[in-house]
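The values are calculated or read from the model by the stated rules, or taken from the named source; none is laboratory data. Nothing here was measured: the structure is a model prediction, and the numbers come from that model. We place every Cβ from the backbone using ideal geometry, glycine too, and count neighbours over all the protein chains shown.
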């Protein structure tokens, strides 16, 4: 499955509703042709302050994109699980993929995963196998966050 894995620098996009892009974060990246997304916490001051650092923060499978006049579409998912600060340890679930993202300071990756990295991503996606869809109907909000 074509999976976007990206490093979150702050909380709030998506929130528990499962709408990716409510604060226009990862604008151009939301346009990429992915089938699933795994959001993992970075190691900087803000993700650490919000206890997102080094954790799987959210998983979305089966994107539905809707243009809303931002840098990228608003994305909802057929299956969505939000962990926030309570997510599983990314480095324990996917040590090879985590090493690539954290040691090379990769912000987002989708193509060029090794077989091992892809297997690790697929294992994480299984955590959302029975997840409900994103909630719909929430209105996009503006934010002062510089994402």
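Numbers for the structure displayed
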item: Single match in 91, 117 (criterion: under 21 Å from residue 32 (Cα atoms), more than 15 Å from the chain's Cα centre (by Cα), assigned to a helix (DSSP H, G or I) and modelled with pLDDT of 95 or more); result: 117
item: Residue satisfying all of: in the stretch 99-112; more than 14 Å from the chain's Cα centre (by Cα) and in a helix (DSSP H, G or I); nearest to residue 25 (Cα to Cα) among these; result: 102
item: Candidate set: the stretch 1-19, residues that are out of contact with any strand residue (DSSP E or B) (no Cβ under 7 Å at 6 or more places or on another chain) and over 20 Å from residue 89 (Cα atoms); chosen: the one surrounded by the fewest Cβ atoms within 10 Å (Cβ to Cβ); result: 2
item: Hits in the stretch 14-51 - residues which are within 18 Å of residue 106 (Cα to Cα), in contact with a helix residue (DSSP H, G or I) (Cβ under 8 Å, 6 or more places away or on another chain), in a strand (DSSP E or B) and without any contact (Cβ under 8 Å) to a residue 60 or more places away in the chain; result: 41
item: Test set (1) within 21 Å of residue 22 (Cα to Cα); (2) in a helix (DSSP H, G or I) - residue 71 fails condition number; result: (2)
item: Failed item, numbered, when residue 32 is tested on (1) on the phi < 0 side of the Ramachandran plot; (2) under 11 Å from the mean Cα position of the chain (by Cα); result: (2)
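Residue-by-condition table, conditions (1) in contact with a strand residue (DSSP E or B) (Cβ under 9 Å, 6 or more places away or on another chain); (2) surrounded by 23 or more Cβ atoms within 10 Å (Cβ to Cβ); (3) at pLDDT 95 or above:
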| position | (1), (2), (3) |
| --- | --- |
| 21 | yes, yes, no |
| 27 | no, no, no |
| 33 | no, no, yes |
| 38 | yes, yes, yes |
| 49 | no, no, no |
| 59 | yes, yes, yes |
| 62 | yes, no, yes |
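A quick yes/no check of all residues on (1) out of contact with any strand residue (DSSP E or B) (no Cβ under 6 Å at 6 or more places or on another chain); (2) exposed (fewer than 14 other Cβ atoms within 10 Å of the Cβ); (3) in contact (Cβ under 8 Å) with a residue 40 or more places away in the chain; (4) farther than 12 Å from residue 5 by Cβ:
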residue: 53; (1), (2), (3), (4): no, no, no, yes
residue: 66; (1), (2), (3), (4): no, yes, no, yes
residue: 78; (1), (2), (3), (4): no, no, yes, yes
residue: 94; (1), (2), (3), (4): yes, no, no, no
residue: 110; (1), (2), (3), (4): no, no, yes, no
residue: 120; (1), (2), (3), (4): yes, no, no, no
residue: 125; (1), (2), (3), (4): no, no, yes, no
